[in-house]
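Report on one structure; see the data block that follows.
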Amino acid sequence: MITGYFAFEIRRLNRNLARLGVVLLVLALLWAVALERPYWRRLVGAGSAQAVAARVWPVPFIPAVLVAGGVFCLARGFRRSLNLWAHPLAQSLARSSADIGFDAVAAKLDEGCTIAAPICFGLPFGLGNWSTTGRYRHHSVIRIGPGWLYYGCTLQGHLRKLDDLVWFYRIDHTMRTHRVEVGTAHQLLLRFRDGGELLLSLGETESNLSRQIGKLVQHLPNAAPFAGMNPERRTDVLYALEYFAPWAIIGPDEAMERAWRNPQTRSSVLETVERRKRDSAGSA
């Protein structure tokens, strides 16, 4: 039985998945009513049974896709709510080599630090991991404690053993709109022993132009001034990882990137990390 913090997180993720399904169904209804009027006129027209079948098909593509996605999200969220162990977050712990329960993991995370990160949607199947900044009540969360890291966003929760952490570094991307620089997006890339990667959103930093525009519009109704993760909190994430995983390699490196991308040479990187791990254990 799953209780405590992770039971709350799994239920939150299931609710968000169900809400996404409802949103998709509403969008499908609005699309069908507003933009598919020729289809409905054909459908209600008089004629034989063959003509009716011809009028019914083909069903408008976009509403059909939205309905299928909505039904899928609702069904998946409902099934996972009936059995919390069916959630990928629970299955990830079951697949790990650690003989430990969720309550013990939550206790380990309580010993570390919890950092509120920008909202991150965490869409599955490689469809994107977009984030948003501004004034928000809800947020993603980064929790780092002895032996464990948890990153919970809107639709996904990632629980990883820090013992498997090999390499991490921050990535800064310049954001442009119509070739005008509007800010910098900050991300943290973590790489693990099994070859998996985890990309954490650390928010954005606005440019001088965006800052001036924000001052002009901040008094408008419903305006949300820029209030993303500050530089100190981004540094806290790096310090926490360095403290709880001192063996991990820090910082980008082109030669190591090439070695990591090649499965035949990745073993050399893993051997380096194992050597660092033994040295850190010996010094402790």
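The values are calculated or read from the model by the stated rules, or taken from the named source; none is laboratory data. The model shown is predicted, which means the values in this text are computed figures rather than measured ones. Virtual Cβ from ideal backbone geometry, glycine too; neighbours counted across all protein chains shown.
Could you go through the range 256-273 and let me know if any residue there is in contact (Cβ under 8 Å) with a residue 12 or more places away in the chain, surrounded by 13 or more Cβ atoms within 10 Å (Cβ to Cβ) and either part of a loop (DSSP other than H, G, I, E, B) or touching a strand residue (DSSP E or B) at 6+ places or on another chain (Cβ under 6 Å) (or both).
yes
Can you name every one of the helices (runs of 4 or more DSSP H) wholly within the range 16-100 that holds 1 or more residues which are out of contact with any Asp or Glu (no Cβ under 7 Å at 6 or more places or on another chain), modelled with pLDDT of 75 or more and surrounded by 13 or more Cβ atoms within 10 Å (Cβ to Cβ)?
On the way: elements: 37-44, 49-56, 61-82, 88-95.
Counting at least 1 such residues, we get 61-82, 88-95.
Which number in (1) touching a helix residue (DSSP H, G or I) at 6+ places or on another chain (Cβ under 8 Å); (2) modelled with pLDDT of 85 or more; (3) over 23 Å from HIS139 (Cα atoms) marks the one condition that VAL273 misses?
Unmet condition: (1).
Pairs needed: first member in the range 130-154, under 12 Å from VAL237 (Cα atoms) and of a type outside the set (Val, Ile, Thr); second member anywhere, surrounded by fewer than 23 Cβ atoms within 10 Å (Cβ to Cβ) and at pLDDT below 50; C-beta distance under 7 Å; at least 6 residues apart or different chains.
From residues that are under 12 Å from VAL237 (Cα atoms) and of a type outside the set (Val, Ile, Thr), there are no pairs.
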